[in-house]
Amino acid sequence: MMLSGKTRQMSLVACSSQTFLKLCQTPAVCLAQCNMSRSLNTRQTNNSSPEGYSGRKYVSKMYQNLGNVYPESSKLVCKSHKLFLYASIVQQCYFGGYNLLPLGQRVQDKLIKIIDQELESIGCQKMAMTTLAPAKLWKKTGRWDNIGHELFRLTDRKKTDFCLGPTHEEVITNILASGPMLSYKRLPIKMYQITKKFRDENSPKYGFLRGREFDMKDLYTFDATLEDATETYNSVCQAYSRILGRLGLDYHQVIGTTGNIGGSLSHEFQLQADIGEDTIHVCKKCGFAANAETEEAQNKHCTDKSCGLSISPSIEVGHSFLLGTKYSKHFDAKCKDRQAKNGFYQMGCYGLGVSRIMQACVEVLSSEKKIVWPQIIAPYQFCIIPLESKKECLSIAESISDDLNTNPRLSGEVVIDDRDKQVTFRLFEAKAIGYPYVITIKDKALQDQPEFEVIDTCNNESRFMTREQIQNLSMLIETV
Ligand SMILES: [Zn+2]
């Protein structure tokens with residue numbers, strides 16, 4: 001069952017096989033119009049002309065393709081972790097801590113753009129809270145003493161205690177409590193940040209899947225009544241679905257555990273994967289879906305023999321909590337409701353593991369030695385590989401790169417692998433990195449009617465195209 005799920009993802013969304021097949025018959029102009037509305041919102045226009053365009057990117061001058069050896073025989077068992085090290089997406093700095101290298105940073109930036117777009121569409125505002133959280137705020141809710149050893153604690157020169165905030169309910173509730181009392185007319189307030197989070201993980205493993213520091217998006221919402229807060233809760237869950245949907249991921253929204261965050265209602269967004277450390281119960285027939293640790297799953301809601309319950313390992317990539325007044329009470333954070341009465345804020349909090357999503361989608365989409373990204377967040381959309389022995393091939397590569405760069409949605413999305421190595425070797429590396437399209441410039445490019453080999457790396461399909469056909473293909477590519 002899991003296998004078929006994965007196959008479906010591959011063919012439906014992450015890859016663009018149909019795009020690839022259809023492009024020969026489709027006129028470029030029509031396609032450009034189809035994409036117009038989408039591109040207007042997502043990309044700034046770049047009117048620089050191909051002449052003098054300075055944005056050519058040469059692999060020979062970039063910190064990537066470092067000749068890493070695939071860690072086959074190492075102790076690592078997690079496919080995406082191995083691929084991330086091999087393709088120079090990350091580099092381990094210490095046990096459980098990873099530096100994000102330039103290719104990885106591009107992917108993360110694109111993922112963040114999608115998150116920003118979807119959260120802004122439901123009225124969320126982006127902000128940033130301090131990384132150091134004063135102990136006195138954490139003591140107000142009792143979590144300073146209750147949260148255990150995963151909290152990184154430190155003391156300044158004046159002996160004041162702080163922690164490296166792994167989550168910010170205390171800090172944000174204190175912000176609202178310190179400001180003027182808001183009327184229900186201003187609500188809901190929805191504020192989020194995307195920042196580094198820290199957790200003193202006892203046994204870090206699998207790279208970003210269980211690290212000691214990671215990038216996380218945390219959103220906090222404030223409403224006057226429980227009904228309003230529930231409505232807000234549902235709108236955020238829908239935004240989460242759109243984010244994961246745009247990545248083409250086959251996710252499950254399941255009833256979640258409340259853990260040390262608390263609250264009355266909770267959902268997790270899960271990706272089925274053998275390496276996953278969570279277990280989810282999902283029934284395709286009646287729609288029941290819950291984390292195995294919840295009461296709902298343990299009460300075996302779904303024991304009817306006609307039900308299609310499946311139990312599988314999975315990776316949690318998002319979590320939402322309806323908190324009620326748990327935090328606002330401790331901080332005396334109040335607002336005025338419709339009856340002009342003062343009441344505690346009804347809160348919600350919502351996390352998305354940004355660096356975890358990056359790796360989890362590679363875990364579920366990729367094969368053993370080749371990264372498959374959701375195309376929209378691939379680090380670059382095109383890699384052009386000119387034959388090393390003929391200089392003309394490099395000039396052609398540059399000119400195709402310039403052409404592609406004039407398409408506003410593809411500006412900056414092309415690299416030229418100009419290294420003095422065999423085409424087959426560079427192609428192998430390009431597939432490992434997961435550029436959706438690789439163009440090789442070989443002898444056929446030097447004919448009177450030049451043709452270029454275009455490889456759809458996800459589907460392992462290749463065909464020869466004219467420059468016009470490459471332009472048509474480029475019109476169909478979705479970027480963020
Ligand atoms: Zn069922």
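Since every read-out is calculated from the coordinates, none of them should be taken as a lab result. None of these values were measured; they are calculated from a predicted model. Here Cβ is always computed from backbone atoms with ideal geometry, including for glycine, and neighbour counts include all displayed protein chains.
Summary table
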quantity: Neighbour-limited loop hits for trypsin sites (Lys or Arg not before Pro), the stretch 64-95 (at most 16 other Cβ within 10 Å; DSSP other than H, G, I, E, B); calculated: K75
quantity: Principal semi-axes in Å for the stretch 203-355 [√(5λ), Cα gyration tensor, largest first]; calculated: 30, 20, 14
quantity: Order of S88, S60 under a 10 Å beta carbon neighbour criterion, fewest first; calculated: S60, S88
quantity: Over the stretch 97-365, equivalent-ellipsoid semi-axes from the Cα gyration tensor in Å; calculated: 29, 24, 19
quantity: Fewest-first ranking of I396, I175, I441, using other Cβ atoms within 10 Å as the exposure measure; calculated: I175, I396, I441
quantity: Residues in the stretch 224-243 reached by a label modelled at Q339 [backbone nitrogen below 18 Å; 7 Å Cα→Cβ]; calculated: 224-229
quantity: Within the stretch 145-159, backbone nitrogen closer than 14 Å to the virtual label 7 Å beyond the Cα of L132 toward Cβ; calculated: 153-159
quantity: Cleavage-rule hits, trypsin sites (Lys or Arg not before Pro), the stretch 291-346, DSSP coil, Cβ neighbours within 10 Å at most 13; calculated: K300, K305, R338, K341
quantity: Aspartates and glutamates with Cα under 15 Å of K190, excluding same-chain neighbours fewer than 8 positions away; calculated: D116, E118, E120, E169, D218, D223, D228, E231
quantity: Scaled radius of gyration (Cα, divided by 2.2 N^0.38 Å) that the chain gives; calculated: 1.08
quantity: Ranked list, fewest to most other Cβ atoms within 10 Å of each Cβ, for K217, K370; calculated: K370, K217
quantity: Ellipsoid equivalent to the stretch 43-169 - semi-axes via the Cα gyration tensor, in Å; calculated: 37, 26, 15
